[in-house]
Amino acid sequence: MYGLITDLERAFRTNNRRWSTEPSLGGWPRLSHKDTDTSLVFALELPGFSEKDVQVTLEHGQLTVSGKRQTSAPVGHRALRLERGDFSFSQSFALGVPVDADNTAAVFKNGVLTVTVPKAEARPRQVPITVASA
Amino acid sequence: MTTENTQATESTSKEVQPREPAQPRARFQPRVDVYEGDADWMILADLPGVQPADLKVSTEAAELRITAQGVALDGSTPVEWRRAFQLPRGTAIEGISALLKDGVLTLTLPKAAELRSRSIEVHGG
């Protein structure tokens, strides 16, 4: 009897000592932003989120991404180990450049949200002038 | 950016550039939740950015391994996810199933029949 209980408690201990891994904890959600010639691209790791769990707003030159994930035990199951957890976040980014808000796109793929904000096209400064020969 | 040089004289005077060293891989360990039910155990693992084709789940002896190749958020740095678990005695290894959705892997590990809970009739003495 005691043997059985001990065995269950030991179950799912992780065997990672021989694999040197960087801890993935902290600073979650991981995010990155890229400034390209034509757009600003923001990417956030949001595993287990779906479209309805995330809000993306763009106003006053600021992009805000917020969301909430709730995890729950599958029906009829009890937790042995909980690392993922419930999570809510709100992250704002000052854009700093004029953007084309109407064409901003947000795409969810494999638990990664990518928001692409196109930069407003610079207005042509050169005005063609017809030079008449004297 | 490299340009092909067709002029022999110039190409001989050119120094041979060593190849850029291979980009270091980032290694991550997925966060997991482990649950137990009457008939199975379930492992949920966060693997953002991993596609089903790049995920491998395998068992060796009593060890369950999750390995996956992905790409970091910058879109270029290769990422390797790894985690291994000691399987509890009584796991029906041939019945393990895996589903990857929205960056979360769900593994279902059925218990061998003899481990499933059942109520035992109590007789009065």
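Can you pull out the residues in segment B:88-104 that are assigned to a strand (DSSP E or B) and surrounded by fewer than 20 Cβ atoms within 10 Å (Cβ to Cβ)? Across segment B:88-104, the qualifying residues are B:97, B:98, B:99, B:101. Kindly indicate whether residue B:70 is facing chain A (nearest Cβ under 9 Å) and in contact with a helix residue (DSSP H, G or I) (Cβ under 7 Å, 6 or more places away or on another chain). Taking the combined requirement at face value, the residue satisfies it.
Contact annotation: residue pairs with Cβ atoms under 8 Å, 6 or more positions apart or on different chains, pairing a residue in segment B:30-43 that is within 7 Å of chain A (Cβ to nearest Cβ) with a partner that is polar (S, T, N, Q) and part of a strand (DSSP E or B), are B:42/B:106; B:42/B:108. Annotation: of all residues in segment B:67-80 being surrounded by 18 or more Cβ atoms within 10 Å (Cβ to Cβ) and part of a strand (DSSP E or B), the one that is modelled with the lowest pLDDT is B:70.
Restricting B:19, B:83 to residues that are over 27 Å from residue A:33 (Cβ atoms), modelled with pLDDT of 75 or more and of a type in the set (Lys, Arg) narrows the list to B:83. So which residues in segment A:52-86 are polar (S, T, N, Q) and within 14 Å of residue A:115 (Cα to Cα)? Across segment A:52-86, the qualifying residues are A:55, A:57, A:62, A:64, A:66. Name the residue that is surrounded by the most Cβ atoms within 10 Å (Cβ to Cβ), counting only residues in segment A:41-65 that are touching a helix residue (DSSP H, G or I) at 6+ places or on another chain (Cβ under 9 Å) and more than 10 Å from chain B (Cβ to nearest Cβ). Only one residue fits best here, namely A:58.
One residue is enough: does segment B:46-64 have a residue meeting the conditions more than 7 Å from chain A (Cβ to nearest Cβ), touching a Phe, Trp or Tyr at 6+ places or on another chain (Cβ under 7 Å), buried (at least 20 other Cβ atoms within 10 Å of the Cβ) and under 30 Å from residue B:114 (Cα atoms)? Show your work before the answer.
Let us first name the residues in segment B:46-64 that are more than 7 Å from chain A (Cβ to nearest Cβ), namely B:52-62, B:64.
Subsequent filtering for residues that are touching a Phe, Trp or Tyr at 6+ places or on another chain (Cβ under 7 Å) retains B:64.
When the remaining residues are screened for being buried (at least 20 other Cβ atoms within 10 Å of the Cβ), the result is B:64.
Checking which are under 30 Å from residue B:114 (Cα atoms) leaves us with B:64.
Yes; the residues of segment B:46-64 include at least one that is more than 7 Å from chain A (Cβ to nearest Cβ), touching a Phe, Trp or Tyr at 6+ places or on another chain (Cβ under 7 Å), buried (at least 20 other Cβ atoms within 10 Å of the Cβ) and under 30 Å from residue B:114 (Cα atoms).
Here are B:26, B:45, B:98: which of them is within 19 Å of the chain's Cα centre (by Cα), of a type outside the set (Lys, Arg) and modelled with pLDDT under 90?
B:26
Taking each residue of segment A:66-83 that is within 15 Å of residue B:46 (Cβ to Cβ) and more than 7 Å from chain B (Cβ to nearest Cβ) and looking for partners that are exposed (fewer than 15 other Cβ atoms within 10 Å of the Cβ) and not small (Gly, Ala, Ser) with beta-carbon atoms closer than 7 Å, six or more apart or interchain, yields A:67/A:55; A:69/A:86; A:70/A:86.
The values are calculated or read from the model by the stated rules, or taken from the named source; none is laboratory data. If you're wondering where the values come from, they're calculated on a predicted model, not measured in any experiment. Glycine also receives a Cβ, built like all others from the backbone with ideal geometry; neighbour counts cover every protein chain displayed.
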